[in-house]
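> Okay, here's the structure, questions in a sec.
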Amino acid sequence: MTATMDKPVKEPTFQGVSARRKASNLSATILVSLSVLVALVPLIWVLYTVISRGLSAVVSPTWWQNSQAGVTQFIAGGGAYHAIIGTLLQGLFCAVISIPIGIFVAIYLVEYGVGTRLARVTTFMVDILTGVPSIVAALFIYSLWIATFGFQRSGVAVAFALVLLMIPVIVRSAEEMLRIVPQDLREASYALGVPKWKTIAKIVIPTALSGIVTGIMLALARVMGETAPVLILVGSATAINFNIFEGPQTSLPLMMVDLQKAGTGVLTAERMWGAALTLILIVAILNIGAKLVSKFFSPKNF
């Protein structure tokens, strides 16, 4: 009787992990870890190269305060202030146009246009624009804005070309972030009598805000480093130009191209790598700021 009572009521279903499954798990872990290391090698190599060759130019106070006006490859000094201003103005103008359009299109595709013909056409066009090369967008803006309408080459033309490159990336990333918001949150809001537009504004978007901001920053980082639009749509300048609607306006990618054309001297190479490092720092600062903003405004209970 005692021996019978000591036996478990039900035999355990878990019999342990087999040696084959352990070996498969270990192999997958090793392969994934090696893939991460392989991906980190070129990233670290690029960062080390840019920092080691451009740090001497970036740490100089004149780099952030002066332009390249009157500076040649044989004269020390000068800075990237004019290119920094051009990059920020063109990127800001592009973001002001692209971010609202991209987010509204993503909201329509996820919340309003499911299964409609317009949504299918929009998704198809977004997929096409995602793979369009930057030079195609630049040539389109050139033919429309400059050749057809007769406007001058300027920073705003570059911003319009960057809009064509930025909107599809924002739409695709925001759409994916909105889709992963649990449907239960929407239904609970509707059950309380909250209108759909307010549910989207107060529940859906704040829940997906962190991912949406990350997608926006990735799109902005992509367009700020494009070279083809600035080569075609704006003239080079070594002086500072705060007017995005008129006159030549250099950005950091265009400054690097101009320095590469100027020669291969030590000072030229130092400035070129300094411009590359400056662009990386600007993108990093924007990403950190966006992460802090999204963390502050995101709901704390999700």
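> Treat every Asp and Glu Cβ in the range 170-302 as -1 and every Lys and Arg Cβ as +1, leave all other atoms uncharged, and give the resulting dipole magnitude about the Cα centre to the nearest 20 debye.
Working: 12 positive and 8 negative charges, 103 e Å.
Roughly 500 debye, rounded to the nearest 20.
> So for the chain, if I pair up every lysine 8 or more residues apart or on another chain, how many of those pairs have alpha-carbons under 21 Å apart?
Details: LYS198/LYS300; LYS202/LYS291; LYS202/LYS295; LYS202/LYS300; LYS291/LYS300.
The number of close lysine pairs in the chain is 5.
> Looking at the square roots a ≥ b ≥ c of the eigenvalues of the Cα gyration tensor of the range 45-105, which shape do they give, rounded for a/c under 1.5, prolate if a/b is larger than b/c, or oblate? Numbers along the way, then the final one.
Details: a/c = 3.77, a/b = 1.80, b/c = 2.09.
Oblate, because a/c is 1.5 or more while a/b does not exceed b/c.
> Quick one: what Rg and Dmax do you get for the range 205-302 from the alpha carbons, in Å?
Using the Cα atoms of the range 205-302, the pair Rg, Dmax is 17.4, 57 Å.
> With all protein chains present, how much of the accessible area of the range 65-134 (probe radius 1.4 Å) comes from carbon and sulfur, to the nearest whole percent?
On the way: 2650 of 3630 Å².
Summing carbon and sulfur atoms, their accessible area is 73 percent of the total for the range 65-134.
> Next up: Each residue of the range 135-146 in order: what ³J(HN,Hα) in whole Hz does its phi give by Karplus 6.51 cos²θ - 1.76 cosθ + 1.60, θ = phi - 60°, with x for Gly and Pro?
Once rounded to whole Hz, the list reads 5, 5, 4, 5, 5, 5, 5, 4, 5, 8, 7, 9.
> Another question, if that's okay. Hey, could you pull the Cα Rg and Dmax for the range 48-168, both in Å?
19.9, 63
> Pop out the Kirkwood hydrodynamic radius of the chain from its pairwise C-alpha distances, inverse of mean 1/r, in Å to one decimal.
Numbers: mean 1/r = 0.0436 Å⁻¹.
For the chain, inverting the mean 1/r across all distinct Cα pairs yields 22.9 Å.
> What whole-number value in Å² describes the accessible area per residue of the chain for a 1.4 Å probe? Can you show the working numbers first?
On the way: 17650 Å² over 302 residues.
Dividing the accessible area of the chain by its residue count gives 58 Å².
> How large is ³J(HN,Hα), in whole Hz, for each residue of the range 112-125 in order, when computed from phi with the Karplus curve 6.51 cos²θ - 1.76 cosθ + 1.60 and θ = phi - 60°, using x for Gly and Pro?
10, x, 5, x, 7, 5, 4, 5, 5, 5, 4, 4, 5, 5
> Determine the relative contact order of the chain: mean sequence separation of Cα pairs under 8 Å and six or more apart, normalised by residue count, in whole percent. The partial results should precede the final answer.
On the way: 358 pairs, mean separation 78.5, N = 302.
Relative CO of the chain lands at 26 percent.
> Note down the accessible area of SER173, probe 1.4 Å, to the nearest 10 Å².
Approximately 30 Å² of SER173 is accessible to the 1.4 Å probe.
> Across all directions of projection, what mean area in square nanometres is found for the Cα convex hull of the range 160-199? Kindly include the intermediate steps, with their values, before the conclusion.
Working: hull surface 13.8 nm².
Average of the hull's projected areas for the range 160-199 equals 3.5 nm².
> While we're here: Could you check how many percent of all C-alpha pairs in the range 78-137 are farther apart than 19 Å? Walk me through the numbers before you get to the answer.
Values: 907 of 1770 pairs.
Cα-Cα pairs in the range 78-137 separated by more than 19 Å: 51 percent.
> Quick check on the range 114-269: what are the equivalent-ellipsoid semi-axes from the Cα gyration tensor, as sqrt(5λ), descending, whole Å? Write out the running numbers ahead of the final one.
Details: eigenvalues 319, 65, 40 Å².
Over the Cα atoms of the range 114-269, the semi-axes work out to 40, 18, 14 Å.
> Another question, then. Where a ≥ b ≥ c are the square roots of the eigenvalues of the C-alpha gyration tensor, would you call the range 108-183 rounded, which needs a/c under 1.5, or, failing that, prolate if a/b is larger than b/c, or oblate? It would help to have the intermediate numbers written out before the result.
Numbers: a/c = 3.03, a/b = 2.42, b/c = 1.25.
Here the range 108-183 falls in the prolate category.
> Taking the range 136-209, which chymotrypsin sites (Phe, Trp or Tyr not before Pro) meet the DSSP loop condition and have no more than 12 other C-beta atoms within 10 Å? Before the final figure, lay out the partial values.
Details: sites: PHE140, TYR142, TRP145, PHE149, PHE151, PHE160, TYR190, TRP197; in loops: PHE149, PHE151.
Sites meeting the loop and neighbour criteria: PHE149.
The values are calculated or read from the model by the stated rules, or taken from the named source; none is laboratory data. Note that the structure is a prediction, hence the values are computed from the model and not measured. Because the Cβ atoms are built from the backbone with ideal geometry, glycine has one as well, and the counts that use them run over all protein chains shown. Note: accessible area is taken over every heavy atom of the protein model, side chains too, but ligands, DNA and RNA are not part of it. Shrake-Rupley method; radii C 1.70, N 1.55, O 1.52, S 1.80 Å.
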